[in-house]
Amino acid sequence: MGGTMAACLARIREAVTLIVRPESLAAHPPGLQFESPFGNWSAQVTWSASVEPTDVLWLTVKATQLQAALRTIPENASIGAIVPLLNGLDHLEVLRAEFGAERVIPATIAGEMERVSLGHFVHRSPFAVLNISGRGRGLLEGVSDQLRTIGFTCNFIDDENTLMWSKLIFLGPFALATTAFDKPIGEVVGNPGTWRQLEHCVRETCAAGQAEGAKVDADAVLPLIRKAPAAMRSSMQKDVDHGRAPELDAIGGAIVRAAARHELRVPATEELIARIRRRIAAGGHSGGAGL
């Protein structure tokens, strides 16, 4: 995600610095290579191990890496705004407590993106959807207009609760189902048993979001999941496959916690989470994907 944003921002002539771990800084190439349905190009960027003064800090780490990322930001750093693109919900309160609510502009991004090697990023899905809180319109409208010219879909959404849950209602069931059954979305959708489990998870997530005040509709999301590219896989699925810590708590846990606040039952979601935990315990192996 970070590489995709960096490549696309550089493409529209923004000055871009990527923040990486100190131990990997010297190994990074001078620029980056980007492959996408939007085109393939090289981008000139700067690499750094700490955050320097900047107008906008795009925070694109996984939820499991948030605390480590925050340590790269010097105290009293000169940052105009922070735009987090993390999955889940809980990171917003962490960032608001750290930097002040006025500097944090909630946003979400949708698409399949992957780093295949240092400095080499691949955007695999035919879409990239960037949704930003309406509070960021004045600062980011020009950038959004430019990103649209290379293929992005960019929207400003005033209701921040709806903004965040609109992604979670799609991403949560998608990530949990593809990871639990160790299948790309086309195979999950094509199997009546796994599709039924995914559908129940969507409806549970939607009920939790509505109870939290979000304007979300399960019947609008389910057709979008059916239309997703058949070979599309979730980053959670890839993390489990490669033995990396998945964002299970940030995604699945966020749904379960919200449901519990309103005394809602989410058995399909809990079963998918349990399947993923069994896969992790088995070393990332599936142990059977059918229902």
On a 0 to 90° scale, report how tilted helix 218-227 is relative to the longest principal axis of the chain, with both axes built from alpha carbons and the result rounded to the nearest 10. 80
Cα centroid separation, region 201-226 to region 56-74 (Å): 29
For region 161-281, calculate the relative contact order in percent as a whole number, restricting contacts to Cα pairs under 8 Å that are 6 or more residues apart. 37
Going Cα to Cα from residue 238, which lysines come in below 25 Å? Please leave out same-chain ones fewer than 8 positions away. 62, 167, 183, 227
Under the 7 Å Cα-to-Cβ spin-label approximation, residue 278 and residue 129 lie apart by a distance in nanometres of 3.2
Normalising by the residue count of region 99-178, find the relative contact order in percent from Cα pairs under 8 Å and 6+ residues apart. 28
With Cα atoms, 0 to 90° folded angle of helix 2-11 axis to the chain main axis: 50
Suppose R0 equals 25 Å; then what is the FRET efficiency for residue 76 and residue 249 from their Cβ-Cβ distance, rounded to the nearest 0.05? 0.25
Pseudo-spin-label distance residue 120 to residue 260, built 7 Å along Cα→Cβ, given in nm, is 4.3
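Every number in this text was worked out from the coordinates using simple rules, so none of it is lab data. Values in this document were obtained by computation on a predicted structure and should not be read as measured data. In this analysis, Cβ positions are derived from the backbone assuming ideal geometry, glycine residues included, and neighbour counts consider all displayed protein chains.
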